[in-house]
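Some notes on the structure that comes next.
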Amino acid sequence: MKVVIGLGNPGKKYEKTRHNIGFIVVDSLREKFNVTEEREKFQALVSEKNIEGEKVIFFKPQTFMNLSGNAVIEIVNFYKLNPTEDLIVIYDDMDLDFGDIRIREKGSSGGHNGIKSIISHIGENFLRIKCGIGAKKLDAVEHVLGEFSQSEQKEMSENLEKIKNCVIDLITVQDINKTMQKYNKKKIKNK
């Protein structure tokens, strides 16, 4: 079993913000696999799909970002999951250029409050996909809670496709080093 956890904030107000890239990716994956049913459980919106023989749970905590760990620990305890092997957490990273992604097997929160909350509940050893939302041009809070710019929106479908493929590779290929080599590259900028 794999639990694909997209981090974000619940509610219309935050729906299209940079901080909600985790929710956006999970919804995009659900759409790709035609998963329409979603229910509330474990303080989250939960849906599931069997992908190439692997039960995959799509998971969007509804606790607000700073308390994401409260929801994550519930599903970990319920299914007796091994965070190192069973979780894939997707979230925004303003230290990465827009469109870049980084897969990490463990580490600190890097100042991200959602990750900090998860670490406080399950430790640092869980797989994560950091999605670049670009360097802050404003105050950090304004930047992450701001919506994607027009130019960013034009690139979103390409970026989402790359992130979705990364998640699918992590679920199906299950060779973390090969997947990291494939996706942990800087995006080539058009000159």
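The values are calculated or read from the model by the stated rules, or taken from the named source; none is laboratory data. Source: prediction; values computed, not measured. All Cβ positions, glycine included, derive from the backbone under ideal geometry; neighbour counts span all protein chains shown. Remember, those area values only see protein heavy atoms, side chains included, never the ligands or the DNA or RNA. Shrake-Rupley method; radii C 1.70, N 1.55, O 1.52, S 1.80 Å.
Here are the numbers for this structure:
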{"item": "Inter-probe distance in nm under a simple model that places probes 7 Å from Cα toward Cβ, at Glu31 and Asn66", "result": "3.1 nm"}
{"item": "Selection from Phe23, Ile57, Asn9, by position along the positive dipole direction of region 8-61 (Cβ)", "result": "Asn9"}
{"item": "Interchain or long-range residues, amide H under 5 Å from Ile90's placed H", "result": "Ile5, Gly6, Leu7, Ile129"}
{"item": "Charge dipole magnitude, Cβ of K and R +1, D and E -1 - region 1-108, Cα centre, debye nearest 20", "result": "240 debye"}
{"item": "Accessible area of region 1-70 belonging to carbon and sulfur atoms, whole % at 1.4 Å probe", "result": "44 percent"}
{"item": "Value at 222 nm in deg cm²/dmol, rounded to 500, when DSSP H runs of n ≥ 4 in the chain each add -39,500 (n - 2.57)", "result": "-11500 deg cm²/dmol"}
{"item": "Charge-dipole axis of the chain as Lys and Arg at +1 and Asp and Glu at -1 on Cβ define it, positive-most pick from Gly107, Asn34, Asn70", "result": "Gly107"}
{"item": "Potential lengthening between Asn77 and Arg39 on full extension [0.36 nm per residue; Cα-Cα distance subtracted]", "result": "11.8 nm"}
{"item": "Given 14 as the ceiling on other Cβ atoms within 10 Å, longest exposed-site-free region of the chain for GluC sites (Glu not before Pro) in DSSP loops", "result": "106-191"}
{"item": "Set Lys60/Lys130; Lys2/Lys164; Lys106/Lys162 screened for pairs whose C-alpha atoms are more than 23 Å apart", "result": "none"}
{"item": "Point-charge dipole on Cβ atoms (K/R +1, D/E -1) for the chain, about Cα centre, debye to 20", "result": "400 debye"}
{"item": "Cα-only Debye scattering, the chain: base-10 log of I(q)/I(0) at q = 0.16 Å⁻¹", "result": "-0.97"}
{"item": "Relative contact order, percent, the chain [alpha-carbon distance under 8 Å, six or more residues apart]", "result": "25 percent"}
{"item": "Calculated FRET efficiency for the pair Lys13/Glu85, C-beta based, R₀ 25 Å, to 0.05", "result": "0.10"}
{"item": "Amide N of region 78-104 lying under 13 Å from the label point, which is placed 7 angstrom from the Cα of Ile51 along Cα→Cβ", "result": "87-90"}
